[in-house]
Amino acid sequence: MKKVAVLGGYAIWGIFLCLAALEKFGDIFAAGTGFWSVVMLLIAGICQLGAGIIAIGWAVLTFGTLKAKYLPYKFINHYTIPVLIVLLAIVASIARSSSDESRAEKLGFKDGKEFAIARENNITNIADYAKFAEEQRIKAEEKAAQDAVLAAEKEQKEKQEKAKCFEDAYCYASKHEGGDYACKIAVEKSVRYQFKWTDGITQPKFSSYGWYDKNRKLFTLYGHRAQAQNGFGAFKNVEYSCTFNANTGEVLSVNIQ
């Protein structure tokens, strides 16, 4: 399975590099080429073609018997081959950039980067590129304006949801300090004798929330699923409440009846 994966990876890599090399050779006859740009395109094409052939060849030789028979050199392995391919690709890229700089100067473009963009969009003259650049600028401005509108709508929606959540005690507490665990511990510690919960999966310890002081972000949790032992040793059902600060999680008071 591993050999199949290596074979597929190197084969795809090699095909991609070979196709890129053909594109370099094809540009030799394009507009704006001169002696230097042709030389650089040849170097770029040869390097990428060589890298592609090496990648495809290595994919074929991945199978142990073939590699041992036709390529017995220890220094040629799964570490050196990728490095060689990458180095050839880098040389090809540098050569292509140098060719773009030369063609850009000959055709009147500002620099090789601008020409590379023009070339990728099948543009070979300044007038067409200026028109293309203006269209891209307009599209970018329209997109920026659209993004700004969407961002404003998102911000407005978040503000509305935040304001709506502020009106609901449970919603606000759930997004800050819920207080359930702290209040559970506080209720257990507040009883004098033994205490046990009678809650379940569908019956939480605290069944409701309420504002105690909205401005100070104080809430009160209410519940009735517990039993406490009285002075005679008998357990009885109790109701309890716990007031806490939703911003800090601090329990302020506990009441059990």
Inset, instruction - Rounded to the nearest 10 degrees, what's the angle between the helix 80-107 long axis and the longest principal axis of the chain, both from Cα atoms, 0 to 90? - result: 70
Inset, instruction - Evaluate the distance, in nm, between pseudo-label points positioned 7 Å from the Cα of Phe232 and of Ser93 along their respective Cα→Cβ axes. - result: 8.7
Inset, instruction - Treating the angle as unsigned and between 0 and 90°, give the value, to the nearest 10°, between the Cα long axis of helix 2-26 and the longest Cα principal axis of the chain. - result: 50
Inset, instruction - Restrict the search to region 111-204; then list the trypsin sites (Lys or Arg not before Pro) that DSSP places in a loop and that have at most 11 other Cβ atoms within 10 Å of their Cβ. - result: Arg192
Inset, instruction - Report the one residue of Ala92, Tyr222, Thr248 whose Cα lies farthest in the direction of the positive end of the charge dipole of the chain (charges on C-beta: Lys and Arg +1, Asp and Glu -1; origin at the Cα centre). - result: Tyr222
Legend entry - Share of carbon and sulfur in the accessible heavy-atom surface of the chain [1.4 Å probe, %]: 60
Legend entry - Structure-based [θ]222 nm, the chain - -39500 (n - 2.57) summed over DSSP H runs of at least 4, per residue, nearest 500: -20500 deg cm²/dmol
Inset, instruction - Pop out the ³J(HN,Hα) list for region 35-52 in order, Karplus 6.51 cos²θ - 1.76 cosθ + 1.60 with θ = phi - 60°, rounded to Hz; leave Gly and Pro as x. - result: 4, 5, 5, 5, 4, 5, 5, 5, 4, 4, x, 5, 5, 5, 5, x, 5, x
Legend entry - Largest-first ordering by accessible area, 1.4 Å probe, given options Asp100, Asp213, Asp168: Asp168, Asp213, Asp100
Inset, instruction - Give, in whole angstrom and from largest to smallest, the semi-axes √(5λ) of the equivalent ellipsoid of the chain, with λ running over the eigenvalues of the Cα gyration tensor. - result: 74, 33, 12
Inset, instruction - Multiply the residue gap between Ala133 and Lys110 by 0.36 nm, knock off their C-alpha separation, and tell me the result in nm, one decimal place. - result: 7.0 nm
Legend entry - Formal net charge of residues neighbouring Leu218 (Cβ-Cβ distance under 14 Å; K, R +1; D, E -1): 0
Inset, instruction - Measure nothing but the geometry: give the 0 to 90° angle between the long axis through the Cα atoms of 126-167 and the longest principal axis through the Cα atoms of the chain, rounded to 10°. - result: 10
Legend entry - For Tyr212, distant residues with modelled amide H under 5 Å away: Leu218, Phe219, Thr220
Inset, instruction - Could you pull out the chymotrypsin sites (Phe, Trp or Tyr not before Pro) across region 132-225 that fall in loop regions by DSSP (anything but H, G, I, E, B) with no more than 14 other Cβ atoms inside 10 Å? - result: Tyr193
Inset, instruction - Considering the options Ser207, Gly108, Gly50, tell which one lies farthest towards the positive end of the dipole of the chain, charges being +1 on Lys and Arg and -1 on Asp and Glu at the Cβ, about the Cα centre. - result: Ser207
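The values are calculated or read from the model by the stated rules, or taken from the named source; none is laboratory data. Because the structure is predicted, anything quoted here is derived from the model rather than measured. Quick reminder, even Gly has a Cβ in these numbers, built from the backbone with ideal geometry, and neighbours come from all protein chains shown. Calculation scope for accessible area: heavy atoms of the full protein, side chains included, ligands and nucleic acids excluded. Shrake-Rupley method; radii C 1.70, N 1.55, O 1.52, S 1.80 Å.
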